[in-house]
Each structure stands twice: as structure tokens, then as C-alpha cells.
Amino acid sequence: MNLFRYFGNHLRAVLEDLRDQGVLQADADLSRVTVEPPRDTAHGDIATNAAMVLAKKAGMKPRDLAVTIVEGLERLDDIEKADIAGPGFINMTVTSSFWSKILLAALDPGQVWGRSDTGRGEKVLVEFVSANPTGPMHVGHCRGAVFGDALARLLDFAGYDVTREYYINDAGAQVDVLARSAHLRYLEALGEEIGDIPEGLYPGDYLKPVGSAAVEKFGDRYRGAVESEWLPEFRDFSISMMMDMIRDDLEALNIRFDSFFSERSLKEGKVNSIDDAIAEMRQMGLIYEGTLPPPKGKKPDDWDEREQTLFRATDFGDDVDRALAKADGSHTYFAADIAYHRDKIRRGFSTLIDVLGADHSGYVKRMKAAVRALSDDTVKLDVKICQLVHLLRGGKPVKMSKRSGSFITLREVVDEVGADVVRFIMLYRKNDASLDFDFDRVQEQSKDNPVFYVQYAHARIHSVLYRRLPDEFPGLDMGQIDPVREDLALLDDPGEILLIKKLAEYPRIVEQAANTHEPHRIAFYLYELASELHTHWNRGTEKPELRFISVGNRKVTGARAVLLGAIATTIASGLGILGVHPVEEM
């Protein structure tokens, strides 16, 4: 049950009744009416702007229309009172008996609490990670991987038809460097002395197993061969092994993909997709031959003002038109990106989401322009930039450098603190803000460690429902409690009501997070819910009558067990969206 949608439907019925009465115009636009939490919870449980947005067309003052709307609202069974605030906002307070419906909805075995149909089966492609297959994943990839996976889980939970895709960058110069680096390790595995790794090759020890595996596959066939003979073989072999390594790294974070798309397939298929895309765009009038101005209006000494094949990106919101070919006639990276996104559009996705690193912020406008042009503005592209992660230990930076071979891998981080900690911390900050990941801090057992605080809340509840409850009432645990038969009216303490109200926010939070593509909202909400639980729990330390186990009082204990069960269900649901396991003991 979405509290705000539930009362939104009630409000709509009142407004439609006023339309039938002629108070509102027959064509009154109800789509602008919102039902949301009030800014100040002291003013009630729900607020609406209905009178403010409908009054002008009705030829009334907002407060006068608000009076009429309030009369209709106060006739509803679940509304205790409705008040008018300011120039015409309406605040509603629901009846105390209504809150039990939230608990029953959360524990309804026939429904999945918080799941939404807001997506209505819309096809969404989430492309994320897409790291170059040149080595193991490092912590810089980790944030985008966790964010993309959590976003896909969130959209799936909200009713979208989601596909998770990894774009393999296997066509650039970096894979030739990988092949040469692997061949060097192959010679090493054959017993040759290779000395220091030459400048420009990948020095990491992670390539030693690749060299050994190459010996098993090729024997000494390529010991003295010229590069043109072994480079294609080592390129394919190394990419395959690197992708296996990357899949293993992602598996450690419980991340799996539905599809892997090869950049090389754009060029090496039956049809060169890049040439084909450019030809299509030319036919659509999206391409012309021309020159570009120097960057930011200044002409560098090496500026080559030459005629180029340009995409009319400025017609679709970009700052400048974009080149599709380099000076040597080869395609730009942008041209390949256009062909790839055209393929996404042709596969029938109506929303595309690209999750990229901090160094790709300049990519956003040009790619949005391309998708608008190629889809005739029918496909949405949202580019989510994940800012840098700063690794710390005891507040001091942990240095890493992929090229030097001394970087911190994703697997090392997961092995030290666990996948659940990594995932939650990576999501406990908005993706476009930089994040400090302190190995010491994320393992603290304190309120300052959000993942511990939320997990501890779930473990506390499990302890009450499955250990302490049977101790006090032998033979009874949460499995024997039927929420429908419990007297939920006994939950009348202000702290208990606050907990139920916080639970009632969950379905709306899910919808908002899905609509904005912001899974961090779920992490924030879970921390707030856990905080409310711990606060109320601590009140029971001072006032025994507020404890969840009421000694000798089966009815009160039963009602409070239902409340705890609903909280545990909500925490488990939210953690599931984040890809984090709810623990039962700590």
C-alpha cells in the first residue's frame, strides 16, 4: 500500500465529485495535483496543493476552493481532519485506526511490500562497469558496478523490464598493449629472463597467470615469432581471460549481467555498424562536412582547421557539433558510441541508462544529442556519473596506480570488509558526489557506520521475534503470529506511531528512487528507519512498559511483534534492492 497514492485516489474521487457538481471545470487538469508529506510533520500526515493549482480555472480564490475540498475529505473514513494552511494548501491527518492497514500491507503474504508497478513494463537498458578488459577491476570501477547493479534492482522492483549490459571495450589500442604485455609474461613462463617491464606495457602480476595459461594453450609456438603472427591470438586469448577475471570480481559483489556487448562487433560483423550508422545519419540530414572552431575560442599552436565529417549535435542540445572521423580517416570514439547506442535503440529500449566514471562528464551532452537525433526524441538517455572513491585507512590515503601495478583491486577491498559493507557504503552517498571509503571506519560497530546500524536493527528484531519471544511465551515466535488477529490498536505509543509512519513512507521512497534513478535514497531511508527503531528501543531501557516483549502480556507483545515484523520486512526489502543481505545476528 502506497499511503500517498491511496489518499491521492481518495482526493481524486472528491475532486471528480466537485467536477460533477460544476464547482470545477469539466476539463480541469488534475495531473498537477500532488499528494505528499507536509514540510512540517506537526501539520499532519499528508499535504496537497489541489486548491492552489485548480482555483484559477474554477474562478475561485484558493482558500475558498480549499474549504469545499476539505468538506469532501472530512467525510472520508480514514481522514480524522483536514486543515487549510497559508494561501490554500490542505494538510490531512489520518485516523489512528488507519495505521494498522500499513502493518497488514507490509506483512501481507500475497503481496511484496514496497513493490511498485510504476514502470509498467517499460524496457530499460542499464549499461554499467564497461571497464577496459586490461586487468582486474579496481575500486574506481567498484562504485559504478555497485551503483549500476542497485539501480537495475531498483527499477526491476518498481516494475520496469530491465536488462543489465556490459560494453566490452575490445577494439582500442589498449587491447594491443594488453596482448603485448601478456606475450611478455608468456615468454617469462617459458623460462626467459624478461627484466623490467618496458614503459607502456602493463606491469601488474595479474598477467603472470595469463602467461602460464598461454604456455598451456600454445606451447612454445610463439617464442620467436614475429608480432604480426602472435598479436591477434594473444589479443583474443588475453581479453577472454581478463573478462573471466572481471566476471569473477563482479561475482564477489553479487553482480551479474544479462548481456555482454563487444565493441569489435560493431566493426567486424557482416555490416560495419559504424559506417552504417553514419550513412543513416547522413541520409537523415544529421551530418555535414565543415570545420570546428578552436576549443573555447582559442587557437592552439597545433590547431588544424580542417574540414571534417560533423554531427549536428548543437541542433539537439550540445554545445558544439561533433567530429565523427579523425585526421587519418578512422572513426572517432564518439562514432562508435553512436553506433552502439543506435543498436540499443533498435533493440526496443525506451530508456537507456549509462553509468560512467568521473572522467566521462564531457560525454553526457553529445551522447544525449545523438540519442535524441537517432530516436526522433522518443528514447530517453540518462547518464549517471559516479565520482571518485578515495580509499583511506585510519583517515590516511591509500595510494593506488593501475599502471604501476600497485593498485588496490576490487577483490582486495571485498575480501577485507565483505561485499555487503562495500555495497552499502558505495550507495550511502549520491553517485555524483565523491566518496571517502575508510577501511577502519566501515568496520566500526557504531551509529557512525551506516551499514552496521541498519544490519544491527535487523539482527535486533530477529533476536526478539525468534529467540526472546519464545523464551517469554513458550512455543510462540513470529511464525505463529497472524497479524490480522492481533489487536493492533494497542500500538498507541507516540514512538510506535512514528515507526509505523516511517514504514508508510517506504513504497513512495521506492517510486521516487526509481523515477529519479537514485538508489541512494533507499540507503538513506533504511538508516532513518533503523534510527527510529534504535531510538524507540532505547526508550524501553528507561521505561520497561515500552519494551517489545511485555512480560506476561500476550496481547501487547503480539501487536508489537507485528510492528517488528513489518520493520524487519521493510529493512530486508530495502537491503535486497541494494544487493545487501539482512543479517540475523551480529
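Summary table below
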| quantity | calculated |
| --- | --- |
| Residue among Lys81, Lys101, Lys56 that is buried (at least 17 other Cβ atoms within 10 Å of the Cβ), out of contact with any helix residue (DSSP H, G or I) (no Cβ under 6 Å at 6 or more places or on another chain) and either within 19 Å of Ala489 (Cβ to Cβ) or not assigned by TED's automatic domain parsing to the domain that holds Val484 (or both) | Lys101 |
| Considering residues of region 149-174 that are part of a helix (DSSP H, G or I) and modelled with pLDDT under 95 only, the residue nearest to the chain's Cα centre (by Cα) | Gln174 |
| Of residues in region 255-269 being surrounded by 14 or more Cβ atoms within 10 Å (Cβ to Cβ) and either in a helix (DSSP H, G or I) or of a type in the set (Gly, Ala, Ser) (or both), the one modelled with the lowest pLDDT | Lys267 |
| Glu227 vs. criteria free of Cβ contacts under 8 Å to residues at least 24 places away in the same chain and surrounded by fewer than 20 Cβ atoms within 10 Å (Cβ to Cβ) | no |
| Residue list for region 420-446, restricted to those being closer than 26 Å to Asp359 by Cβ and of a type in the set (Gly, Ala, Ser) | Ala433, Ser434 |
| All positions within region 1-26 that are in contact with a helix residue (DSSP H, G or I) (Cβ under 8 Å, 6 or more places away or on another chain) and surrounded by fewer than 12 Cβ atoms within 10 Å (Cβ to Cβ) | Ala26 |
| Test: residue in region 40-49 that is of a type in the set (A, V, I, L, M, F, W, C), surrounded by 12 or more Cβ atoms within 10 Å (Cβ to Cβ), in contact with a helix residue (DSSP H, G or I) (Cβ under 7 Å, 6 or more places away or on another chain) and over 30 Å from Leu107 (Cα atoms) | no |
| Failed condition for Asn515, given (1) within 23 Å of Leu155 (Cα to Cα); (2) buried (at least 16 other Cβ atoms within 10 Å of the Cβ) | (2) |
| Only one of Gly86, Gly144, Gly114, Gly159 that is crowded, with 22+ Cβ neighbours inside 10 Å, of a type in the set (Gly, Ala, Ser) and at positive phi | Gly114 |
| Residue in region 131-141 that is within 30 Å of Arg342 (Cβ to Cβ), hydroxyl-bearing (Ser, Thr, Tyr), within 25 Å of the chain's Cα centre (by Cα) and crowded, with 18+ Cβ neighbours inside 10 Å present | no |
| Every residue from region 334-351 that is under 26 Å from Asp149 (Cβ atoms) and free of Cβ contacts under 8 Å to residues at least 60 places away in the same chain | Asp337, His341, Ile345, Arg346 |
| Which listed residue, of Asp354, Asp436, is touching a residue at least 60 places away in the same chain (Cβ under 8 Å) and part of a strand (DSSP E or B) | Asp354 |
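The values are calculated or read from the model by the stated rules, or taken from the named source; none is laboratory data. Given the structure is predicted, the values throughout are model-derived calculations rather than measurements. Virtual Cβ from ideal backbone geometry, glycine too; neighbours counted across all protein chains shown.
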